[in-house]
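The structure under discussion appears below in the form of structure tokens.
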Amino acid sequence: MINGELIVDNFAGGGGASTGIEIATGKSVDIAINHDIEAIRMHKANHPHTKHYCENVWEVDPVKACEGHPVGLAWFSPDCKHFSKAKGGKPVEKNIRGLAWVVLKWAALVRPRVIMLENVEEFQTWGPCVPIRDKKTGRVIVNTTEKYEKNRIAEPGEVVPVNMQIFQPDPKRKGQTYRRWRKQLEALGYEIDTRELVAADYGAPTMRKRFFMIARCDGKPITWPEPTHAQRNSEKVKAGLLKPYVGAYTQLELLESEG
């Protein structure tokens, strides 16, 4: 990081991403944003020197928050549950699926030198949503509760308000919004590269795969870390070039020893 540059953690949770950023850069995160008070409390406990905003990410003014300081890195981990295949066939919330648009707000207003985004791999399928309709009548399904438990078919000719409709991704336009979002970021002068990385390849005790995007506007090349771990029986591990995967049991043993 360049002296005087800020690091911003949007959608900050307990502080795991901020801790990783601190390890990688040697610098604490300057600004953390999350609308959830419990998440902010936990982040404050782990990162007491960070300036915290317990607000909706859309309500934070990047210009005011940065107070004229340049931004070296802006990190974004928007809610992933409305993209994840683990969600199954449950309805989606369009406002949550659209959280990644806030990246463009920061890019346009304070132009971070580097932008990074992390999400589930299905983030690349981000596309428009359509109302769920009754297969027999073709009429919209009306959401009568916030928990999607008791729904009904709209009456003939009934105009259903958007906030009472139930949405699902349009399979015919899969990835359309993602591509448009990416092109708009490129139009702001950012070079973009993306990869799907497995956490275990870098020493984490999980095989979880995640989508990562790096965007730069400083003309410098985008680089990615080389894997440090692999399957225990792989040739590179046998040759001593990589370390064997870390098993989840090691963390359970750690908890037992501390408890």
How many angstrom lie between the C-alpha centres of the range 200-218 and the range 170-188?
-> 21 Å
Average Cα contact separation per residue, the chain, under 8 Å, 6 or more apart, as relative contact order % | 14 percent
Taking 7 Å along the Cα-to-C-beta vector as the label spot, tell me the Glu155-Met1 distance in nanometres, rounded to one decimal.
-> 5.9 nm
Once you've got the GNM for the chain with C-alpha springs shorter than 10 Å, pick whichever of Gly189, Gly157, Gly20 has the biggest mean-square fluctuation.
-> Gly157
Mind giving me the FRET efficiency for Ala108 and Lys183? R0 is 22 Å, r the Cβ-Cβ distance, nearest 0.05 is fine.
-> 0.95
In sequence order, what are the phi-derived ³J(HN,Hα) couplings for the range 69-76 according to the Karplus relation 6.51 cos²θ - 1.76 cosθ + 1.60 with θ = phi - 60°, rounded to whole Hz, with x for glycine and proline?
-> 7, x, 9, x, 8, 10, 9, 10
What order do you get for 230-242, 65-77 when each peptide is scored by the mean count of other beta carbon atoms within 10 Å, highest first?
-> 65-77, 230-242
Where the only charges are on Cβ atoms (+1 Lys, Arg; -1 Asp, Glu), what is the dipole of the chain about its Cα centre, to the nearest 20 debye?
-> 1120 debye
Taking every pair of Cα atoms in the chain, average 1/r, invert it to obtain the Kirkwood radius, and report Rg/Rh to two decimals.
-> 1.02
Please figure out what share of the DSSP beta bridges in the chain is antiparallel and state it in percent, rounded to the nearest 5.
-> 60 percent
Extension length gain for Asp193 and Lys243 (0.36 nm per residue less Cα distance), in nm, is 15.3 nm
Using only Cα atoms, tell me the angle between helix 249-258 and the longest principal axis of the chain; keep it within 0 to 90° and round to the nearest 10.
-> 70 degrees
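Every number in this text was worked out from the coordinates using simple rules, so none of it is lab data. Bear in mind the structure is a predicted one, so any value in this text is a computation, not a measurement. No Cβ is skipped: glycine too gets one built from the backbone with ideal geometry, and neighbour counts run over all protein chains shown.
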